[in-house]
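Participant: If you scroll down you'll find the structure; I have some questions about it.
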Amino acid sequence: MKCVELTELLGALADGEIHDAELRAQMQAHLAQCASCREEYALQVEVKGLLAGLGHEMPSPFLLTRVLGRLGSRRVPAFWNLRLAYAGAAAAFLVVLGAAGVLTVSHSQMLGVYKALPVPGAERGAFAPLPSILPDDEEVHYASFADLIERRHADARELLRARSQWEELDSIVRVLSSEDGEEAIYKDLPEPDEPAEEDENTG
Amino acid sequence: MMAPALTAELMVDRDAGRAVPDLPAEAGLVIRTKNGDASAFEELVKMFQHRVFNFVLTRVRERQSAEDITQEVLVKAYFNLHRLRRPEKFKSWLFSIAHNHLRDLMRKRKLETADGEETHFEHYVDARTPDREFSQERLKSRVRAALARLKPEQRQVLVLCDIEGLSYREIADIMRVPLGTVQSRVFYARKRIKEVLVSQDLLSGDEL
């Protein structure tokens, strides 16, 4: 075994990450006769030990309380609540409006489509059982077109809920990560002619 | 589709919330939290808050911002816990949330550190440790300073590997990179730390 084939694996050897017993034996045999690779291996072991001894930087003792407080009340400043509520309501309205439009327009068209389709051994009709449009392992079949629409609505509602939750968290992180932290929420908005402060907190 | 992933969870559930012996301690707490025991999640936070905080500090300059982000990661973990199918994987799952959250923040704010640029995060240099104090503390301070000089992705890999004790496979899954990339980053990051420590050594005249 040559040094070049071995070098980058020495860190993995120090970490016990060489799972192939034969390769491990070859590497150990090589180390026994190559001073340069032994030195490299010793470096990996030494630095690993130094880092393991560092321990953790500890956060403020109040972090636990803050996290539990967020879980308990899901308290969100009124400003964000209102903004998200309006956004959520608008999005939900658009989805309902769109779905209603699709139903109205396509219902009559669907009648024609299903009548036109050859369905061997089954009666032709607007709401004849549809084949599954999901992967086989889901084993979900829709009883009717209305059932499909209802399921799609449920999916849309779930997506809206997830999006709303994500936006809520994101907004709070952005506010709390600003220079003024939580205080920024309660501050008055700056005057139009005041220059905006740059956020230099992270990077 | 979900049956294989649920196996471990069901085994623990049948055992009234007690984890089987070969599962990590946090697995039982995850199950209890899922069953509505709020005190179990408090234990999880106590167990992992400093680990997440430490990981966030690999990308974020200020401690206050790092704490805010740590808080958001833990809250996000709580509200998404029902998605975690394998309780024994909670630790790497939590770091995945932290990694993704940091990546999204960096992307959004365009604060990503450029590749190859050395960073100097002051939090790694513990100002409370003067030179006259114990040499062990001085050495730790120098190792932290050397760690701060790594590329962000190298720093993250070393923190996950050498401080958190995660396997290469877990780190690869968290950071969504190939296994070989983790192996290579660990190797060269350690070499870089040694180089920095040796160069400091030459400048200061101290022994390592």
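Readers should treat all values here as calculations from the given coordinates under stated rules, not as data from a laboratory. These figures come from a predicted structure and were not determined experimentally. With ideal geometry, Cβ positions are generated from the backbone for all residues, glycine too; neighbour counts draw on all protein chains shown.
Participant: Report relative contact order for segment A:3-52 in percent, whole number only (criteria: Cα-Cα under 8 Å, sequence separation at least 6).
Facilitator: 45
Participant: Greater than 30 Å separation of Cα atoms is the criterion. Which listed pairs, B:91/B:151; A:48/B:108; A:2/B:191; A:48/B:89; B:108/B:140; B:91/B:191, meet it?
Facilitator: The answer is A:48/B:108; B:108/B:140.
Participant: Related question: Using the number of other C-beta atoms within 10 angstrom as an exposure proxy, rank B:162, A:155, A:147 with the fewest first.
Facilitator: So the ranking, lowest neighbour count to highest, is A:155, A:147, B:162.
Participant: Oh, and also: Could you please rank A:1, B:175, placing first whichever residue has the fewest other Cβ atoms within 10 Å of its Cβ?
Facilitator: A:1, B:175
Participant: Then there's this: Most exposed first by the Cβ proxy, i.e. fewest other Cβ within 10 Å, how do B:32, A:157 rank?
Facilitator: A:157, B:32
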